[in-house]
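The structure appears right after this line, and notes come after that.
The values are calculated or read from the model by the stated rules, or taken from the named source; none is laboratory data. Note that the coordinates shown come from a computational prediction; the quantities given were computed from them, not determined experimentally. So basically every Cβ, Gly included, is an ideal-geometry build from the backbone, and we count neighbours across all protein chains shown.
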């Protein structure tokens, strides 16, 4: 048997109480006389037992009541589907695969045409899904044996066949290049140029001149020369359709579309192919009509003496026969069509640069999902997009219990007279209201982070481990600490990289209400939950301002829509729609219970980073006794019923319970007392109740 210290749930009327609990441990488990036991061999985290949690902090473990700490459950990075469009794309690609399978089986079993066209329809159906299947059935699938020649004779069908051949070759090269350039981190403008060259080269040199060589006759170089111009015209129109669609969708609100590992990338490729097909189709109809390109063909190996028949189309480029009644194109006609295609190409590639930043690459934006309403312009940097981006749900490492509370007192280890605290920053799913979860950046799995209780004169050491997907630091807001312990990233210290630990150590010189928060991309990380209270007791207990109930209020603002969480910021698309006190929105905020005549000390902490909150207490005025950690002289104290709490500010106020009833503490910006603009049980957001009994 071994003893472990069990800390009771933090009470609003005093300090945590110590209890003791006995439990069985594996034989030879190292223990200590300080009230904890070594848990090196145990799973780090929280182990459930009836009514309690076993909390591992560093190398020591403690029991806590079940509601007193986040009950962490291992997160899953396997979840790839994080937006409704992802589910649609899964269904779409399943249909595309089934459609392509049908086309492939039917082509090679039943349809009498050359192999290059069989593969052309298969590839296009992979890109266009059921639309490709529809084109195949309406245009190319032989309705009855021996009818393929007559069925495919109409010009509109021949034009579809020509476009199918064009798209199958050119789009394959474009898509392959898009995936490679994204992996290489090339900027979008260069990406489009490489895609064009790859698509044209693959379409002309491989799909046209090489795969069609046995049908066209002549040498490979002859075929390249004779098909260069029609392929050039067709490719230009197709790229003119694909380029703007791909660029605008890839660099739209959901920039996962730039990542080849995401379903959305391939969805955008499909839409781009459809746009390119639509724009290239009229040009291909004209090219077939004038005999510059082939359309659909019939090849019956069983027919003696002939290998194939080509309906109303040319296999030799400029020298073809064209459709019945068509005259050979004049040079001005060909030049005009080619010029229009080039203009369309230049416009299609360059037009998006007026609205999006074409200098960015997939690496620059990192698959960011922008908040609804954010304005992105041609000069918006990638760093701004990453800073504003939604938390990727796949980065969540744990889920807190729905009733978990933040601001739990973190007990230190005492090592050679130094109080040692361990903080770990990670991403957790945190419930702010029943059914409303946010993906939060959290210290030790809770929002706000655990409370650090110091005494003036303490020597402290705080080990901060970074489990975030980005670097971080910690700033000790308002504290007089050595400059290299202050925390601003790239100014006083190198950021704590993912997986690394940094140790802050200093002597506590002040007393009062302070807090700690991230100072690396603080507009993102603090807004997402990386903050916690620092409550420092004066060295002389007589200097403390006494109250019957001591309660800390840390203000938070959240932007949570469509199942994603963004950092709330004072800019377009970034305004908060949920507001929290100690990580919970009313009616999930705590209730302070008092008796008539008792005095409540409220420590307001502006841990939020967007708004100024005029905090109001019902039931009579309060007395402001401290500001920003400094106790006010009696002559400087003043009475008020509302105090503006700006980001970073702290105010300590004393409020006396004058009469029984339910008295509110709330922000007097009424929108901040709603949840997604809706009141629940009479209020919401930055609201809590003081329940006074007689």
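For the range 626-646, which residues satisfy the criterion of being within 27 Å of residue 531 (Cα to Cα) and in a loop (DSSP other than H, G, I, E, B)?
The initial filter retains those residues of the range 626-646 that are within 27 Å of residue 531 (Cα to Cα), namely 626-632, 641-646.
Listed by number, the residues that qualify are 628, 629, 632, 641, 646.
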With respect to the numbered conditions (1) over 14 Å from residue 156 (Cβ atoms); (2) at pLDDT 95 or above, which one is the sole condition not fulfilled by residue 293? (2)
Residue in the range 277-290 that is closer than 19 Å to residue 341 by Cβ and in a loop (DSSP other than H, G, I, E, B) present: yes
Residue by residue through the range 151-206, note down the ones that are touching a helix residue (DSSP H, G or I) at 6+ places or on another chain (Cβ under 9 Å), touching a residue at least 60 places away in the same chain (Cβ under 8 Å), surrounded by fewer than 24 Cβ atoms within 10 Å (Cβ to Cβ) and farther than 25 Å from residue 259 by Cβ. 152, 155, 156, 157
Enumerated helices (runs of 4 or more DSSP H) restricted to the range 79-182, each holding at least 2 residues that are under 30 Å from residue 560 (Cβ atoms) and in the same structural domain as residue 284 (by TED's automatic domain parsing): 84-110
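Yes/no matrix, rows are residues, columns are (1) under 22 Å from residue 519 (Cβ atoms); (2) part of a loop (DSSP other than H, G, I, E, B); (3) in contact with a helix residue (DSSP H, G or I) (Cβ under 8 Å, 6 or more places away or on another chain):
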position: 573; (1), (2), (3): no, yes, yes
position: 594; (1), (2), (3): no, no, no
position: 597; (1), (2), (3): no, yes, no
position: 600; (1), (2), (3): no, no, no
position: 609; (1), (2), (3): yes, yes, yes
position: 648; (1), (2), (3): yes, yes, no
position: 652; (1), (2), (3): no, no, no
position: 659; (1), (2), (3): no, yes, no
Examine the range 220-237 for a residue that is within 30 Å of residue 109 (Cβ to Cβ) and without any contact (Cβ under 8 Å) to a residue 40 or more places away in the chain, and state whether such a residue exists. yes
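Tell me which residues, restricted to the range 623-636, are in contact with a strand residue (DSSP E or B) (Cβ under 7 Å, 6 or more places away or on another chain) and either without any contact (Cβ under 8 Å) to a residue 12 or more places away in the chain or surrounded by 16 or more Cβ atoms within 10 Å (Cβ to Cβ) (or both).
Going residue by residue through the range 623-636, those that are in contact with a strand residue (DSSP E or B) (Cβ under 7 Å, 6 or more places away or on another chain) are 623-632.
If the condition is that a residue be in contact with a strand residue (DSSP E or B) (Cβ under 7 Å, 6 or more places away or on another chain) and either without any contact (Cβ under 8 Å) to a residue 12 or more places away in the chain or surrounded by 16 or more Cβ atoms within 10 Å (Cβ to Cβ) (or both), then 623, 624, 625, 626, 627, 629, 631, 632 are the ones that fit.
Within the range 457-561, considering only strands (runs of 3 or more DSSP E) that don't extend past its boundaries, which have at least 1 residues that are under 29 Å from residue 416 (Cα atoms) and touching a residue at least 40 places away in the same chain (Cβ under 8 Å)?
Working: elements: 459-466, 474-477, 501-507, 512-518, 531-537, 549-561.
Per the criteria, 459-466, 474-477, 501-507, 512-518, 531-537.
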Selection from the range 649-674 of residues that are under 26 Å from residue 545 (Cβ atoms), surrounded by fewer than 22 Cβ atoms within 10 Å (Cβ to Cβ) and under 39 Å from the mean Cα position of the chain (by Cα): 649, 664, 668
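Does any residue of the range 488-507 turn out to be out of contact with any helix residue (DSSP H, G or I) (no Cβ under 8 Å at 6 or more places or on another chain) and closer than 19 Å to residue 605 by Cα? First the steps, then the outcome.
Applying the first criterion (out of contact with any helix residue (DSSP H, G or I) (no Cβ under 8 Å at 6 or more places or on another chain)) to the range 488-507 yields 488-491, 494-503, 507.
Add one more test, that the residue is closer than 19 Å to residue 605 by Cα, and what stays is none.
Within the range 488-507, none of the residues are out of contact with any helix residue (DSSP H, G or I) (no Cβ under 8 Å at 6 or more places or on another chain) and closer than 19 Å to residue 605 by Cα.
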Any hit, the range 495-502, residues being surrounded by fewer than 20 Cβ atoms within 10 Å (Cβ to Cβ) and closer than 30 Å to residue 540 by Cα: no
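With the structure loaded, tell me whether residue 241 is buried (at least 21 other Cβ atoms within 10 Å of the Cβ), modelled with pLDDT of 95 or more and assigned to a helix (DSSP H, G or I) or whether it fails that test. Can you show your working first?
Values: buried (at least 21 other Cβ atoms within 10 Å of the Cβ): yes; modelled with pLDDT of 95 or more: yes; assigned to a helix (DSSP H, G or I): yes.
Spelling it out, residue 241 is indeed buried (at least 21 other Cβ atoms within 10 Å of the Cβ), modelled with pLDDT of 95 or more and assigned to a helix (DSSP H, G or I).
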Scan the range 514-523 for residues that are buried (at least 22 other Cβ atoms within 10 Å of the Cβ) and within 15 Å of residue 647 (Cβ to Cβ) and jot them down. 514, 515, 516, 517, 518, 519
For a quick check of your reading: which strands (runs of 3 or more DSSP E) sit entirely within the range 401-447 and have at least 3 residues that are closer than 20 Å to residue 467 by Cα? 418-433, 436-443
Is it the case that residue 481 is outside the structural domain of residue 586 (by TED's automatic domain parsing) and under 25 Å from residue 651 (Cβ atoms)? yes
Does at least one position in the range 380-389 carry a residue that is over 30 Å from residue 228 (Cβ atoms), under 14 Å from the mean Cα position of the chain (by Cα), in a loop (DSSP other than H, G, I, E, B) and not assigned by TED's automatic domain parsing to the domain that holds residue 184? yes
I need every pair where a residue in the range 387-399 that is over 16 Å from residue 563 (Cα atoms) has its Cβ under 6 Å from the Cβ of a residue that is in a helix (DSSP H, G or I), sequence separation at least 6 or different chains. 387/524
